[in-house]
1. If you scan the stretch 323-343, which residues turn out to be in a loop (DSSP other than H, G, I, E, B) and either under 41 Å from the mean Cα position of the chain (by Cα) or within 24 Å of W378 (Cβ to Cβ) (or both)?
2. Please verify whether T206 is of a type outside the set (G, A, S), assigned to a strand (DSSP E or B) and modelled with pLDDT of 95 or more, treating the condition exactly as stated.
3. If you scan the stretch 166-192, which residues turn out to be out of contact with any strand residue (DSSP E or B) (no Cβ under 9 Å at 6 or more places or on another chain) and not in a loop (DSSP other than H, G, I, E, B)?
4. Out of all the residues in the stretch 104-152, which are closer than 30 Å to R90 by Cβ and assigned to a loop (DSSP other than H, G, I, E, B)?
5. Condition first: assigned by TED's automatic domain parsing to the domain that holds G363, part of a strand (DSSP E or B), free of Cβ contacts under 8 Å to residues at least 60 places away in the same chain and more than 19 Å from A149 (Cα to Cα). Can you find one or more residues in the stretch 266-280 that meet it?
6. Could you tell me whether the stretch 171-193 includes any residue that is in contact with an Asp or Glu (Cβ under 9 Å, 6 or more places away or on another chain) and under 30 Å from T344 (Cβ atoms)?
7. Go through the stretch 109-163 and report how many residues are within 21 Å of P77 (Cα to Cα) and not small (G, A, S).
Amino acid sequence: MNRRRALGALALGVAAPGVLAACAQAANKIEAAVESPPPAPTLAYSPAVASADVTPTAPVSVKVTDGWFQKVALTNPDGKVVAGNLNRDRTEFTTAEPLGYGVQYTWSGSAVGQDGKAVPLAGNFTTVAPAVTVSGQFQLADGQTVGVAAPIILQFDAAIAEEDRAEVEKALKVTTTPEVEGSWAWLPDEVGGSRVHWRTKEYYPTGTVVHVDADLYGVPFGQNAYGAADSTLDFAIGRFQLVKAEASSHRIQVLTDAGVIMDFPCSYGEGDLDRNVTRSGIHVVTEKYEDFYMTNPAAGYANVRERFAVRISNNGEFIHANPASSGAQGNSNVTNGCINLSLTDAEQYFNTAMYGDPVEVTGTRIPLSYADGDIWDWAVPWEEWKSMSAVSSEASALNLPSTAPATPTDAPVPTAAPGG
C-alpha cells in the first residue's frame, strides 16, 4: 500500500467515531424533546377572578396561551349570556356590551390544549353597586331646528362636585358638520342639580348639523354615584336671524342674510330701578306664546294678558306687544324690562322667531349675567368661557357662586297655561 494512502485511510478511520458520537447526541435530544409533554393551556382573566366594584363599561376578556377556546361564556345570576366575540384563532374572548350595576358575573366553558385535553373556565367577578345613579337630560329635542346662538344644555339631576366634573365632561362629545369651534362650560345651577353648556365661539353657520354623544353609563360622578344611561342628541341649525336692540334708539331691528327685514319702534326698561333695566348682552330666544298671562308682584301687577310674547331671558325679559306703552314706543323707555312693541309689529316678529335666535341688547347699565337665569352663555368672553370647562388647564377668573336659580325669584311668572 502506498504510504500516503495508508495515512489517509488512517485519518479517515480516526474521524469516524466522532461523527457517530455527535449523531447519537442529536438523536438523544430529539427523543427527549418528543417525550416532553406539551404545555398546558394558561388562562388570563380581565378583570381578575374575584374582583369587586368593577366598572360595568370596563374591558372584560379572557385569553388562553398554548391552547384555544372550545367554548366560552360569561353569564349573570339569571343565566343570561353576555354578548361577546372570539378572535380569529379562538385565543381571546371579549365582551361586546356593557354589564349591569351590582351584578356577579361567572365564567364558564373550556380551553383545549395541544394535547387535546380540555381545561375548564371558572371564576367570577362583581360590578360596582352605585349608591345612586345620575341622569342627564338635553334641553333640545332630537330632530329640532334651532337658531344660530342655541347652546347645548345637559341638565343633571344631582349636584356634581368640581373635582368630579372632568370625568363626566370627558364622556361628552359634540360633532358638527361643518366643523365648528366650541367648548363645554359648567354653570351654577339650582341646589341639588348641575348643568354643563356647550357653546360655539361664533354663531353657527346656517345649515350646520350637530350630533352629541353623552356616554355617561358607568362614568363615576363622585360619592359612589354613577351615570344612569348613555344618550345622544341630533339637531340642525336653521336660517340666520338676529335682533339688534340698542336701548337708546328706542327701536329694534331684525336682520337675516338678506339684511334688515324689520325695523320697529319700541320701548325698553325704564331703568329707574335695577329690576326695570333691560340687560345688555347677547340674549337667546327660548320660548314664545301667542298669549301669556303674567304676574309680577314686585312691579305691582297680576294676571296680565300679554300678546305675542317671545322670551329672551328667564329673568322675565320678553319681546311682546303692549298697547299700554304705545305712546312711548320709539321715543322713551318706560317698561319693567321687557321690550314692548305694537300689536302688529309684535305679531310680525313673533311669526319669525325661533328657539336659539340671538338678541343683542346694548346701551343699558346692567349686563346680562348668571343672576338672570339659565342662559347667559354669550355674555361670557370666549377665552373665559373655555376656562369654565372642567378639563381646561386655565383657571376661571369669574367669581361665580356654586348655585344660582334657573329663574330669579323676582322674575315675572305665568299665572295660566300659555295660550290659555
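1. N333, N336, G337, C338 - these are the residues of the stretch 323-343 that are in a loop (DSSP other than H, G, I, E, B) and either under 41 Å from the mean Cα position of the chain (by Cα) or within 24 Å of W378 (Cβ to Cβ) (or both).
2. The answer is no for T206.
3. Passing the criteria: A166, K170.
4. Q114, D115, G116, K117, L121, A122, G123
5. no
6. Within the stretch 171-193, not a single residue is in contact with an Asp or Glu (Cβ under 9 Å, 6 or more places away or on another chain) and under 30 Å from T344 (Cβ atoms).
7. Of the residues in that region, 8 qualify.
The values are calculated or read from the model by the stated rules, or taken from the named source; none is laboratory data. Quantities reported herein were computed from a predicted structural model and do not represent experimental measurements. With ideal geometry, Cβ positions are generated from the backbone for all residues, glycine too; neighbour counts draw on all protein chains shown.
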